[in-house]
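The values are calculated or read from the model by the stated rules, or taken from the named source; none is laboratory data. For clarity, every value in this text was computed on a predicted model and none was experimentally measured. Here the Cβ is made from the backbone with ideal geometry for all residues, glycine too, and neighbour counts use every protein chain on show. Ligands, DNA and RNA are excluded from the accessible area calculation, which covers all protein heavy atoms including side chains. Shrake-Rupley method; radii C 1.70, N 1.55, O 1.52, S 1.80 Å.
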Amino acid sequence: MATWIYLVRHGQTVWNEEGRLCGSSDVPLSDEGLAQARKLAARLKDIGIAAIYSSPLLRARQTAEEIAAYHRVEVRIEPDLREIDYGDWEGLKVADVLEQFPELEKLRREEPMKFAAPKGEPMRQFAKRVICAIQRIAASHAGETICVVAHQTVNRFILCWVLQNQHSAPRTLHAIDFRFWRQLRQDPACVNLLQVREDGLWRVCLVNDTCHLMG
């Protein structure tokens, strides 16, 4: 049987609303974000989820706990699902980054595997830990349905990796082109659905679904 992974993003934070880079800063959900998390949880309540994994950051844990309230499982904290550490850029508005660090921001967007913010985590290192984490989690739940609660950049890099693994043998990290990561929109409290077949082929079945937030 295939493994199904509901890969979701946490609800909105005040920093998200203000256009700031949250990164590894432990920013909680805003009131709106908590409402989004509850709607997301209601969306997934009738799915037989065998395990819920979360980034250790508060905004993800809050979202995961809302989902877990409908299921008889405890939230499992996976440190490698945390968002990238933007170092000195943490808390800055994206507009300010563009103004103060135009060349470095261009590198982040166009050649991410060469990027590292001042005193931050190199994106190549970030990509490695994130991809290893999702592979490790999937391998531990063969044939089950699970939920993974993470972050915008985490989800984007996982989706990049899955979309370029067209064969049953996953390509190495060095063979993956992450340059289109920013074209994969990930709204707060969105749902992505991944399938891992018995032969090892990964598939993307749903991307950035937010229908549960409408109305």
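The alpha-carbon of Lys39 sits under 21 angstrom from the alpha-carbon of none of the lysines, leaving out residues fewer than 8 places away in its chain. Taking the Cα centre of the chain as origin and assigning +1 to Lys and Arg Cβ atoms and -1 to Asp and Glu Cβ atoms, the resulting dipole is close to 500 debye.
When the dipole is taken about the Cα centre of region 108-215, and only Lys, Arg (+1) and Asp, Glu (-1) are charged at their Cβ, what size is it in debye, to the nearest 20?
It comes to approximately 480 debye.
Evaluated with a Cβ-only charge set (Lys, Arg +1; Asp, Glu -1), region 16-105 carries a dipole of roughly 760 debye about its Cα centre, given to the nearest 20. The Cα-based radius of gyration and maximum Cα-Cα distance (Dmax) for the chain are 16.6, 51 Å.
Expressed to the nearest 5 percent, the antiparallel share of DSSP beta bridges inside the chain is 50 percent.
With contacts taken as Cα pairs under 8 Å and at least 6 residues apart, the chain reaches a relative contact order of 30 percent. Summed over the residues of region 70-215 and divided among them, the accessible surface reaches 50 Å² per residue at a probe radius of 1.4 Å.
Counting only residues 5 or more places away or on other chains, whose amide H sits under 5 Å from the amide H of Thr13 once H atoms are built in the peptide plane? Sorted by chain and number, the residues that satisfy this are Ser30. For Arg76, the residues 5 or more places off, or on other chains, whose built amide H falls under 5 Å of its own are Ile52, Tyr53, Ser54.
Over 14 Å, how big is the tail of the calculated P(r) for region 89-145, in percent of all Cα pairs?
Counting every Cα pair in region 89-145, those more than 14 Å apart make up 64 percent.
Ordering Ala95, Ser140, Ser30 by the projection of their Cα atoms onto the charge dipole of region 21-173, which places +1 on the Cβ of Lys and Arg and -1 on the Cβ of Asp and Glu, puts Ser140 at the extreme positive end. Under 5 Å between amide hydrogens, built in the peptide plane, is the criterion, and for Val207 it picks out Leu193 among residues at least 5 positions away or on other chains. Here the gap between Cys205 and Ala42, fully extended at 0.36 nm per residue and compared with their Cα-Cα distance, gives a gain of 56.7 nm.
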